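Okay, structure first, notes after.
The values are calculated or read from the model by the stated rules, or taken from the named source; none is laboratory data. Just so we're clear, the structure is a prediction, and the values are computed from it rather than from any experiment. In this analysis, Cβ positions are derived from the backbone assuming ideal geometry, glycine residues included, and neighbour counts consider all displayed protein chains. For accessibility, only protein heavy atoms count, side chains too; no ligands or nucleic acids. Shrake-Rupley method; radii C 1.70, N 1.55, O 1.52, S 1.80 Å.
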Amino acid sequence: MEITEFLQAIFRWVHVVAGIVWIGHLYFFNFVNGPFETTLDGDSKKKVVPQLRPRALFWFRWGAAWTWITGVLLLMLVFYHGRIMFDGDAGWHAGAFVMLAVTFLAFALYDPLAKAIKDNQQMAYLGLALSAVVVLCYVFVGGYGYRATTIHLGALFGTLMAANVWMRIWPAQQKIITAIRDGQAPDAALVGLAGTRSRHNTYMSVPLVWLMLDQHTTVASTFLGLPSYAWTVIMIGVAWYVVMQIYTKAGGVKGF
């Protein structure tokens, strides 16, 4: 037991530090660097972008990798090894395994949807609706307890975000940075892809932090008499509204 608890402490420490590195750079790109680069002319971009972005993207992508890896290790130690997935005497069954697959394979559905839906507002509405469906399925199909429901939705968001970083944002940015370095116009489709997925990750990151913290308590499971799954969905909507306001503010912050 002592070894397990020690490993949990180490993994949690690395998870938080790596998460700070990852999400810190995510916010830098979206709230600081994005608006800043719109003020640069072509010659300035040719000098700044090939030097700045690769350095920032190094910490960005490896922060994402180690956040995801240690998050999965914690999930295995705390919830699977610790046997706190289910309330009461419920145990693993077909529905529980199905929802586990949904948690880690949701990118297969998200990716084509994200490619097809160009309007971010429409994607947000669809994302909230799908999140609500997944939460209900965790509870009524998987039989997950409250803490397991919140952390697995967080794991789903985190997996989507990490996949975006390594499978969409980083490959696109390599080509974009190379084009800018060589004085060429980057492929508009790649710019749009990298920017959209980065924005999606920013929106998912704020409710993800809530889900990580909330799984340590059950206060929202009975607050104001609402069902636990209702609060999970409500807080996602609140988080996305907050991110929208931050984007608005970021666009108005000026340099000297």
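Worth a mention:
- Relative contact order of the chain, pairs being alpha-carbon contacts under 8 Å that are 6 or more residues apart, as %: 24
- If you sort L7, L213, L26 by accessible surface, 1.4 Å probe, largest first, the order is L213, L7, L26.
- Among T103, T178, T149, residue whose mean-square fluctuation peaks in a GNM of the chain (springs only between Cα atoms under 10 Å): T178
- Helix 42-74 and the longest principal axis of the Cα set of the chain meet at an angle near 10°.
- Values of log10 I(q)/I(0), in the order q = 0.10, 0.11, 0.15 Å⁻¹, for the chain under a Debye, Cα-only, solvent-free model: -0.54, -0.64, -1.11
- Length gained on full extension, I10 to K115: 34.0 nm, using 0.36 nm per residue less the C-alpha separation.
- Look at the alpha carbon pairs under 8 Å that are at least 6 residues apart: their mean separation over the length of segment 191-256 gives a relative contact order of 36 percent.
- Charge dipole (Cα centre; +1 on Lys/Arg Cβ, -1 on Asp/Glu Cβ; no other charges) of the chain amounts to roughly 800 debye.
- Against the main long axis of the alpha-carbon atoms of the chain, helix 120-140 sits at an angle near 20°.
- Between 0 and 90°, nearest 10: helix 228-252 axis offset from the chain longest Cα axis: 10
- Each peptide among 131-140, 152-161 gets the average number of other Cβ atoms lying within 10 Å of its residues, and from highest to lowest they stand as 152-161, 131-140.
- Neighbours of H25 by Cβ distance under 11 Å: Lys/Arg scored +1, Asp/Glu scored -1, total +3.
- Whichever lysines have a C-alpha closer than 23 Å to that of K115, once near sequence neighbours (fewer than 8 apart) are set aside: K175
- Environment charge at M161 (Cβ cut-off 12 Å; Lys +1, Arg +1, Asp -1, Glu -1): +4
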